[in-house]
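Undergrad: One structure follows; several queries about it will come next.
The values are calculated or read from the model by the stated rules, or taken from the named source; none is laboratory data. In this text, all values refer to a predicted model and were calculated from it rather than measured experimentally. Here the Cβ positions follow ideal geometry from the backbone for every residue, glycine too, while neighbour counts run over all protein chains shown.
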Amino acid sequence: MRTNIPLEEAQNTVLSRVRPGGTEEVPILSALGRVLAQDVRAREDIPPFDRSPLDGYAVRAEDLAGATRATPAALKVIAEVPAGRVSPLPVSPGTAVKIMTGAPIPPGANAVVKVEDTDGGGELVRVFSSLRPESNIARAGEDVQMGELVLEKGMVLRSGAIGMLAAVGVSPVPVYRKPRVAVLCTGEELVDILAFLSPGKIRNSNLYGLAAAIMEAGGEPVLMATVPDRLEDIITQLEQALEAADLVVTTGGASVGEYDLMRDAFRLAGAEMLFWRVAMKPGTPALAAEKDGKLLIGLSGNPAAALIAFEHLVRPAILLMGGRQKWQRPRASGVMAEGFAKGGGPRRFLRVTAHREGGGYRVDLTGKQSPGVLQSILRCNALVDVPAGSSPLQAGQEVQLILLTESEDAE
């Protein structure tokens, strides 16, 4: 088992063992935010017929030659076509069909004149301008042609993609199955969020914070029972978690104390140990193992450290398991609005807010950077990536950012 390894090595170790899960078909609206599991081609032209993009009159452009307001062309109106209907008669020389937006172009017509360029006549319409053939006609297949590849396997389905699926008549939709991720928290001090808080106890924020992070990454959390620091109880819950989920995430018991039992629990549960301790702060005690093709990733029990290590090690795995092709967050440069006094030591990730300012980002610390301080996560939309051995950061210093949100402040 490797120890004290660089973050990139830890990521590569985890991700090299990840494969996309199975696929399933879901109703079209349930596919929002999911990853498409196969290419989608158009089954017909969109639109499927030549149509009018405006209200007016379907005409023969030849009949309007030389038409002006002073010398309008007069045409007999032989039919009216609303959207969803077809004209009962073709357009012949000297005639017009009144047509509404979206209605099919009648046979014989090769242009549509805007109603504003006519007198709006009922039985006889006067047209005040000439047109070239093909004017104001949306041809069949103008948007999508039959057989065209419209959605590619591996893309995340946003609202526009859902609209396209509807347009080409695809429902249910083939998507990658959401990976099931078990969350197991250990610690004698932990109680559930509604339990009485007796002396020495704290509420288990990790269980719910990590479950929410799993959902944000496209996974389905499986909440396991919180267990005390007893090896046999931890092993029992690990075995149940491996049965219930595709990936197991634990918190607590990953460090070097007398009650830090997770390494032994992984090993005694029959898992192959991959690494322990990653050269970063917070989140150093992270460990990983594998059993029967399933990963187990142990995180610190400190809430902020757990969520930041999750960001680097677990979130990428969930994304790839769910069919995503990319897992990296966008990066950018920013300028510190204030200093950070600690220097030296391993690579460090600072919780910050990144706001657009001019052509770059203004970077503000979100509060105390201790691994147990959860409040500094609340407004955090970016992490400052501070290289190992760096000097203390100064106000005005340029830093490298990992952007965590897609809000206007961090695009």
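Undergrad: Does residue 314 count as crowded, with 24+ Cβ neighbours inside 10 Å, within 30 Å of residue 394 (Cβ to Cβ), outside the structural domain of residue 383 (by TED's automatic domain parsing) and not charged (D, E, K, R)? Don't jump to the end; show me each part of the working.
TA: Details: crowded, with 24+ Cβ neighbours inside 10 Å: yes; within 30 Å of residue 394 (Cβ to Cβ): no; outside the structural domain of residue 383 (by TED's automatic domain parsing): yes; not charged (D, E, K, R): yes.
Answer is no for this residue.
Undergrad: I'd like the residue in segment 65-81 that is out of contact with any Asp or Glu (no Cβ under 8 Å at 6 or more places or on another chain) and of a type in the set (A, V, I, L, M) and, out of all such residues, is nearest to residue 100 (Cα to Cα).
TA: The residue in question is 81.
Undergrad: Name the pairs: first residue in segment 106-121 and crowded, with 16+ Cβ neighbours inside 10 Å, second residue at pLDDT 95 or above and part of a helix (DSSP H, G or I), Cβ to Cβ under 8 Å, at least 6 apart or on different chains?
TA: Pairs found: 110/61; 111/61; 111/64; 113/64.
Undergrad: Restricting attention to segment 343-370, report how many residues are of a type in the set (S, T, N, Q) and in a strand (DSSP E or B). Steps first, please.
TA: So in segment 343-370, the residues of a type in the set (S, T, N, Q) come out as 353, 366, 369-370.
From what's left, in a strand (DSSP E or B): 353.
The number of residues fulfilling the criteria is 1.
Undergrad: Going through segment 371-387 one residue at a time, which ones are in a strand (DSSP E or B) and within 25 Å of the chain's Cα centre (by Cα)?
TA: At the first step, the residues of segment 371-387 found to be in a strand (DSSP E or B) are 382-386.
Those that are in a strand (DSSP E or B) and within 25 Å of the chain's Cα centre (by Cα): 382, 383, 384, 385.
Undergrad: Are any residues in segment 39-61 small (Gly, Ala, Ser) and in contact with a helix residue (DSSP H, G or I) (Cβ under 6 Å, 6 or more places away or on another chain), and if so, which ones?
TA: Within segment 39-61, just 56 meets the criteria.
Undergrad: Moving to a separate point now. Is it true that some residue in segment 189-208 is in the same structural domain as residue 264 (by TED's automatic domain parsing), surrounded by 20 or more Cβ atoms within 10 Å (Cβ to Cβ), of a type in the set (A, V, I, L, M) and not in a helix (DSSP H, G or I)?
TA: Scanning segment 189-208 turns up at least one residue that is in the same structural domain as residue 264 (by TED's automatic domain parsing), surrounded by 20 or more Cβ atoms within 10 Å (Cβ to Cβ), of a type in the set (A, V, I, L, M) and not in a helix (DSSP H, G or I).
Undergrad: Ok, one more. How do the pairs read when you match residues in segment 295-308 that are touching a residue at least 24 places away in the same chain (Cβ under 8 Å) with residues anywhere that are of a type in the set (Ser, Thr, Tyr), using Cβ under 6 Å and keeping only pairs 6 or more apart or on different chains?
TA: From segment 295-308, the pairs are 298/250; 299/251; 301/251; 303/205; 306/251; 306/300.
Undergrad: Check 46, 28 and return the single one that is among the hydrophobic types (A, V, I, L, M, F, W, C), modelled with pLDDT under 95 and on the phi < 0 side of the Ramachandran plot. Working first, answer last.
TA: Details: 28 fails: modelled with pLDDT under 95.
Just one listed residue meets the conditions, 46.
Undergrad: On to the next question. List pairs: first in segment 347-361 and within 25 Å of residue 6 (Cβ to Cβ), second aromatic (Phe, Trp, Tyr) and crowded, with 17+ Cβ neighbours inside 10 Å, Cβ under 9 Å, 6+ apart or cross-chain?
TA: Close Cβ pairs (under 9 Å, with a partner that is aromatic (Phe, Trp, Tyr) and crowded, with 17+ Cβ neighbours inside 10 Å) amount to 348/340; 350/340; 354/361.
Undergrad: Just checking, which of 67, 74 is assigned to a strand (DSSP E or B) and more than 40 Å from the chain's Cα centre (by Cα)? Can you show your working first?
TA: On the way: 67 fails: assigned to a strand (DSSP E or B).
Going through 67, 74 in turn, the sole match is 74.
Undergrad: Same structure again: Residue check: is residue 141 surrounded by 14 or more Cβ atoms within 10 Å (Cβ to Cβ), more than 30 Å from residue 319 (Cβ to Cβ), in contact with a strand residue (DSSP E or B) (Cβ under 8 Å, 6 or more places away or on another chain) and at pLDDT below 95?
TA: Working: surrounded by 14 or more Cβ atoms within 10 Å (Cβ to Cβ): yes; more than 30 Å from residue 319 (Cβ to Cβ): yes; in contact with a strand residue (DSSP E or B) (Cβ under 8 Å, 6 or more places away or on another chain): yes; at pLDDT below 95: yes.
Spelling it out, residue 141 is indeed surrounded by 14 or more Cβ atoms within 10 Å (Cβ to Cβ), more than 30 Å from residue 319 (Cβ to Cβ), in contact with a strand residue (DSSP E or B) (Cβ under 8 Å, 6 or more places away or on another chain) and at pLDDT below 95.
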